[in-house]
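The values are calculated or read from the model by the stated rules, or taken from the named source; none is laboratory data. These numbers come from a predicted model, not from an experiment. Using ideal geometry, Cβ is built from the backbone for each residue, glycine included, and neighbour counts are taken over all protein chains shown. Ligands, DNA and RNA are stripped out before the accessible areas are found, and what is left, the full protein with its side chains, is counted by its heavy atoms. Shrake-Rupley method; radii C 1.70, N 1.55, O 1.52, S 1.80 Å.
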Amino acid sequence: MEQKEDNLKDIISHAKEYGFVFPSSEIYDGLSATYDYGQLGAELKNNIKSYWWKSMVQMHENIVGIDAAIFMHPKTWKASGHVDAFNDPLIDNKDSKKRYRADVLIEEHMEKYRNKINKDVAKGKKRFGDDFDVEQFLATNPNVLRNQAKIDDIEKRMRETLGENDLEGVYNLIMDLGIVCPISGSKNWTEVRQFNLMFSTELGSVAGDASTIYLRPETAQGIFVNYLNVQKTGRMKIPFGIAQIGKAFRNEIIARQFIFRMREFEQMEMQFFVRPGEEMKWYEYWKEHRINWHKKLGLGDENYRFHDHIKLAHYANAAADIEFNFPMGFKELEGIHSRTDFDLKSHEEHSGKKLQYFDPELNENYVPYVVETSIGLDRMFLAVLSSSYQMEDLGDGKQRAVLSLPPALAPYKAAVMPLTKKDGLPEKAREIMNTLKFDFNCVYDEKDSAGKRYRRQDAIGTPYCVMVDHQTLEDNTVTIRDRDTMEQERVAVDQLPQIIGDKVSMTHLLK
Ligand code: ATP
């Protein structure tokens, strides 16, 4: 764990050094949990968005995308339940003066028992090799059963107390489990209180006229209020989906761990409108579809797991997270929620407008049910960055930092370099760059030795380096160097678009 957290520190400094992510307003010493994406970060982020948008919108005839405003009518948030129920239970440690989310403290405590079980399994595997039957071991080993019983018991109490908003019960659970503050090590806790996560501001310049509005805490509501506009103008037939990428704001109690939890972040959400009663079928469909989207990137199948929600949000009848193995361990990356007809019904009540669908096959009107997929773009960015970053040993005490980004997501697809700054090589390199740049984001680099330039491109994840040398002037060939194998090959300049295109195309990810 310690090594993994050090790994996070390395990633943060690498991200800053190479222009991926900067602390926000750094000249004023930054603003807590707020970050800016730099020149390469913006490219990587755009490529992630594009992969998501293409997969969700372009690849599905029955899904369309919109871009709604961040400000919405204040009644939206009353209807959605956020004014009354978008709370986190918080608790303070009186000795360290540190604030925690009570549910997170309990989850982390449970994770300890899960780790114990995982360790026992690993030991068994090591001892018995291929003969080891994991399922049987999990079902019979006394240590495992004891730890699993503890987890089940905590889960049950957590579901009961959080589900019923029994804050005293949550406090008692923390005390009974003997959870201590990681900083002070003490159990000197305050009571548990609820804290609303929405940011508010005033609309209008005349004080008397001003009314409180909120910065949207999720993009989903912009889709619900536009449900009928899109359905009618797009002549959409159920089942259909509306997708959106945009900023969301939450006044998180504790925002830390780099871009994992911020107060201003970006979501990529898709709400899928279905016939009532068919939501579980679609819930399973989207779980499967979304996990495949992740796995296609090749960041390692073992880095993903599903986690079913214990405490369902006020709108959901089923919910699961896709968790990713971040440097801090497995944490939520994406949520898939079956939201029932909660939102549309509630907007009907609060607006007085009908938000229904006439189903010609059933010959009846109904309020559709909704299954949503909701992924944090910044968390996805961190997943990609953290699993791609490596310090690689090259022998002879030499090392290189390499970002083995999926080529389709890499900020630059190729770096074009003249071997030297004279003999007409820069002009030839520019000429090549000028033909490639229409299809690929390329970078031109002529400073420093070839070795140094290669390292620089490795560190930012550029899949190919194209080197122009004296032979190029004679026979129009160049060497092309592969980031991962570091091997170089001599190819004709005319072949470059095809070679680079094959490598960086998103098509094979989408198929
Ligand atoms: P968490 O339990 O981590 O607070 P959540 O369950 O509240 O997350 P959702 O409301 O399901 O999150 O939001 C959907 C997605 O938005 C999450 O899976 C996550 O990727 C992203 N997200 C939520 N809050 C933040 C945040 N503060 N910073 C960055 N991304 C976030």
Of all trypsin sites (Lys or Arg not before Pro) in segment 213-263, the ones in DSSP coil with at most 10 other Cβ atoms within 10 Å are 235
Ratio for segment 276-395, C-alpha Rg to 2.2 N^0.38 Å, reads 1.38
Diffing segment 12-27: the Karplus 3J(HN,Hα) column from phi (6.51, -1.76, 1.60, θ = phi - 60°), in whole Hz with x for Gly and Pro, holds 4, 6, 5, 4, 6, 4, 9, x, 8, 9, 10, x, 5, 6, 5, 5
Surpassing 31 Å at the alpha-carbon level, of the pairs 437/511; 9/247; 54/112, are 54/112
At the level of C-alpha centres, the distance separating segment 348-366 and segment 242-299, in angstrom, is 26
Filtered hits (lysines, Cα-Cα < 22 Å from residue 119, offset >= 8 within chain) -> 4, 150, 331
Over its alpha-carbon atoms, segment 64-201 yields an Rg and a Dmax in Å of 20.6, 62
Over segment 412-510, with neighbouring protein chains present, the accessible area per residue in Å² at probe 1.4 Å is 48
Judged on accessible area alone, 1.4 Å probe, highest first, 479, 233 line up as 233, 479
Expressed as a whole-number percentage, the relative contact order of segment 87-196 with C-alpha contacts under 8 angstrom and at least six residues apart is 46
Excluding residues fewer than 8 positions from residue 97 in its own chain, the lysines with Cα under 17 Å of it are 187
Restricting to lysines and to Cα separations under 20 Å from residue 354, and discarding same-chain partners fewer than 8 apart, the set is 75, 78, 232, 237, 345
Sorted list, accessible surface of protein heavy atoms, 1.4 Å probe, largest first, for 134, 493 is 134, 493
Per the 1/(1 + (r/R0)^6) rule, R0 = 41 Å and r from the Cβ atoms of residue 69 and residue 494, FRET efficiency to 0.05 is 0.30
In segment 389-424, the trypsin sites (Lys or Arg not before Pro) that sit in a DSSP loop and have at most 16 other Cβ atoms within 10 Å of their own Cβ are 421, 422
Both in Å, the radius of gyration and Dmax of the C-alpha trace of segment 146-223 are 19.7, 64
Rg/Rh of the chain (Cα atoms, Kirkwood Rh), to two decimals, equals 1.01
Counting only protein heavy atoms with a 1.4 Å probe and every protein chain in place, the carbon and sulfur fraction of the accessible surface of the chain in whole percent equals 48
